[in-house]
Protein chains: 2
Amino acid sequence: MSKTETRKDEIIRVAARLFKEKGYSAVTMRDLAAEMGIKAASLYNHINSKQDILDEIIINLAEAFTAGMKEIQTSDQSCIGKLKEIIELHVKLSSQNIYGMASLNNDWMHLTEKRAYYKKLRTDYEDDFRHILEEGITSGEIINEKPEVMMFSILTTLRSLYIWIPKKEDLDLKELTTSLHQILITGINK
Amino acid sequence: MSKTETRKDEIIRVAARLFKEKGYSAVTMRDLAAEMGIKAASLYNHINSKQDILDEIIINLAEAFTAGMKEIQTSDQSCIGKLKEIIELHVKLSSQNIYGMASLNNDWMHLTEKRAYYKKLRTDYEDDFRHILEEGITSGEIINEKPEVMMFSILTTLRSLYIWIPKKEDLDLKELTTSLHQILITGINK
DNA sequence: TGAATAAACTAACAAGTGTTAGTTTGAAAT
DNA sequence: ATTTCAAACTAACACTTGTTAGTTTATTCA
């Protein structure tokens, strides 16, 4: 299925790692080239611009989240069940794209032509998320607290997983998912 | 008490706002000067370097969090009570330093001489936080879940408040604190 | 009035920026 | 053996970067 990694893919993968460490603006094409073991000009045999690298990293990931949310929306799960699926989606995509998640969270403002599109994807995602919470309140599954604050709390935790996952060497993702479900939904007090 | 804002303070305040919008590396001294209505070279009558601006923003805030935590540690509250105080601390400092919080979260890696000191403050803060959770587990106040995951979940939410607070125009901070206490500690399910 | 001071200015610098043009290399395919 | 082609190279460009030096301006205080 998935083709072997092209040189372009490799450049984008290495770039994402550097972007996570220093941020998009602080990474120069010469930094990236050095990391690849080549000269800066050689990068342009494979990519069109520095901007294109960022676009590809962010848009690919944002669309993956959108696709995941669309699938969850059409599932026949309860509200709490859907929330659990959202947690699973974030754990999966974050653990598979540790470096890309940093750009998604911190460097989206450096998008240019693609920025409006990215923001629409993000807004739609949040609207879908909020809607699930509102249904849960109506059906009595979850507490009658402001959906906005609940969403903010859960979503910022999930969006920050990329910071935290790589620090835990002995990390079982299934176990992490269970813990997050417990903590984010059931709470921590006895 | 608090002196009237000096020109230096004003520069740092405006810089923090620009750093939040574009990140430290993407803000040039000419950007900052233009925002102040002066020329870039004139900034150097008041500050020593771009680096110094970042240092001041981040270290001041990090030390404020440390001071707050030290006070909470010595309070005679229960574990849950201390957690509530931590939430209050974050709501207070975040709402008072919306722009600075962005640098604290996203631009600390651009510290140079001060980076080690910053990281120590952050590590100590997290150790103190974790210790409170561990005591709560021992005393039976909170569930026996991994303290690391609980701390991560609560702390990333609190650290992201700066993103979210300015978006809500009709925001009562007391009300926000109550909501966060409910959601982060008691959970969202009925 | 004259001195002092804060805060702006112009001009310039050395280094670094993303990117382009044209060329060379080395291996695979004919 | 010759052609093809991906992928590297050198050299250079126009522009931007943080910062310094030296100077001017306007206000405050003796």
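The values are calculated or read from the model by the stated rules, or taken from the named source; none is laboratory data. Worth saying up front: this structure is predicted, and the values here are computed from it rather than measured. No Cβ is skipped: glycine too gets one built from the backbone with ideal geometry, and neighbour counts run over all protein chains shown. Side chains are part of the model used for accessible areas, which takes the heavy atoms of the whole protein and leaves out ligands, DNA and RNA. Shrake-Rupley method; radii C 1.70, N 1.55, O 1.52, S 1.80 Å.
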Nm distances between the label at B:Thr177 and the same-position labels in the remaining copies, 7 Å along Cα→Cβ, shortest first? 3.8
Amide H of B:Ile142 versus every other amide H placed in the peptide plane: which residues, excluding those fewer than 5 positions away on the same chain, fall under 5 Å? A:Lys190, B:Ile137
Residues of segment B:55-92 with backbone nitrogen within less than 15 Å of a virtual label 7 Å along the Cα-to-Cβ line of B:Ser139, please, listed as ranges. B:72-86
Helix B:147-159 sits at what angle to the longest principal axis of chain B, using alpha carbons and giving 0 to 90 degrees rounded to 10? 40 degrees
The FRET efficiency for A:Met109 and B:Asp172, from their Cβ-Cβ distance with R0 = 45 Å and rounded to 0.05, is 0.95
Can you list the distances in nanometres, one decimal and ascending, from the B:Arg7 label point to the identical position in each other copy, with the point 7 Å along Cα to Cβ? 5.4
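Take the residue pairs A:Lys174/B:Lys119; A:Lys146/B:Lys92; B:Lys50/B:Lys84; A:Lys168/B:Lys168; A:Lys167/B:Lys39 and return only those whose Cα atoms are more than 32 Å apart.
Values: A:Lys174/B:Lys119 30 Å; A:Lys146/B:Lys92 20 Å; B:Lys50/B:Lys84 37 Å; A:Lys168/B:Lys168 35 Å; A:Lys167/B:Lys39 44 Å.
From A:Lys174/B:Lys119; A:Lys146/B:Lys92; B:Lys50/B:Lys84; A:Lys168/B:Lys168; A:Lys167/B:Lys39, over 32 Å: B:Lys50/B:Lys84; A:Lys168/B:Lys168; A:Lys167/B:Lys39.
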How far apart, in nm, are two points set 7 Å out from the Cα along the Cα-to-Cβ line at B:Arg13 and at B:Ile98? 1.3 nm
Taking segment B:29-125, which trypsin sites (Lys or Arg not before Pro) meet the DSSP loop condition and have no more than 12 other C-beta atoms within 10 Å? B:Lys39
Around B:His90, under 12 Å between beta carbons, what's the net of Lys plus Arg minus Asp minus Glu among the other residues? +1
Rg(Cα)/(2.2 N^0.38 Å) for segment A:1-130, N = residue count: 1.18
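What is the sum of charges, Lys and Arg at +1 and Asp and Glu at -1, for the other residues whose Cβ falls under 11 Å from the Cβ of A:Ala102?
So the surrounding residues net to +2.
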Relative to the longest principal axis of chain A, what angle (0 to 90°, nearest 10) does the C-alpha long axis of helix A:79-96 take? 20 degrees
The size of the Cβ-based charge dipole (Lys, Arg +1; Asp, Glu -1) of the protein assembly as shown about the Cα centre, to the nearest 20 debye, is 1140 debye
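If you take the accessible area of A alone plus B alone and subtract the pair, what total do you get in square angstrom, rounded to 100, with a 1.4 Å probe?
Buried area between the two chains comes out at roughly 3700 Å².
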Ordered by number, the residues of segment A:1-40 with at least 20 Å² less accessible area in the assembly than alone (1.4 Å probe) are A:Glu21, A:Lys22, A:Ser25, A:Ala26
Which residues of segment A:135-155 end up with at least 40 Å² less accessible area in the presence of all protein chains than when their chain stands alone, using a 1.4 Å probe? A:Ile143, A:Glu145, A:Lys146, A:Glu148, A:Val149, A:Phe152, A:Ser153
If you average over every viewing direction, what projected area does the convex hull of the Cα atoms of segment B:50-186 give, in nm²? 8.4 nm²
By Cβ position, which chain A residue lies least far from the axis that rotates chain A onto chain B, and what is the distance to the nearest whole angstrom? A:Gly187, 1
Taking only the alpha carbons of the protein assembly as shown, the radius of gyration and the largest Cα-Cα distance, Dmax, both in angstrom, are 21.8, 68
I'd like the trypsin sites (Lys or Arg not before Pro) in segment B:132-186 restricted to DSSP loop residues with at most 13 other Cβ atoms within 10 Å, sorted by number. B:Lys168
With each pseudo-label sitting 7 Å past Cα toward Cβ, what's the B:Asn48-A:Thr186 distance in nm, one decimal? 5.3 nm
Mind checking segment A:85-118 for GluC sites (Glu not before Pro) that DSSP puts in a loop (not H, G, I, E or B) and that have at most 14 other Cβ atoms within 10 Å? A:Glu113
Exam field: B:Glu35 pseudo-label spacings to other copies (7 Å along Cα-Cβ), nanometres: 2.7
With an 8 Å Cα cut-off and a minimum separation of 6 or more residues, compute the relative contact order for segment A:49-186 in percent. 34 percent
Charge dipole magnitude, Cβ of K and R +1, D and E -1 - segment B:50-186, Cα centre, debye nearest 20: 320 debye
Residues of segment A:49-186: accessible area per residue at 1.4 Å, in Å²? 44 Å²
Just name one of A:Tyr162, A:Thr74, A:Leu180: the one whose Cα is farthest towards the positive end of the charge dipole of segment A:49-186 (beta-carbon charges, Lys/Arg +1, Asp/Glu -1). A:Tyr162
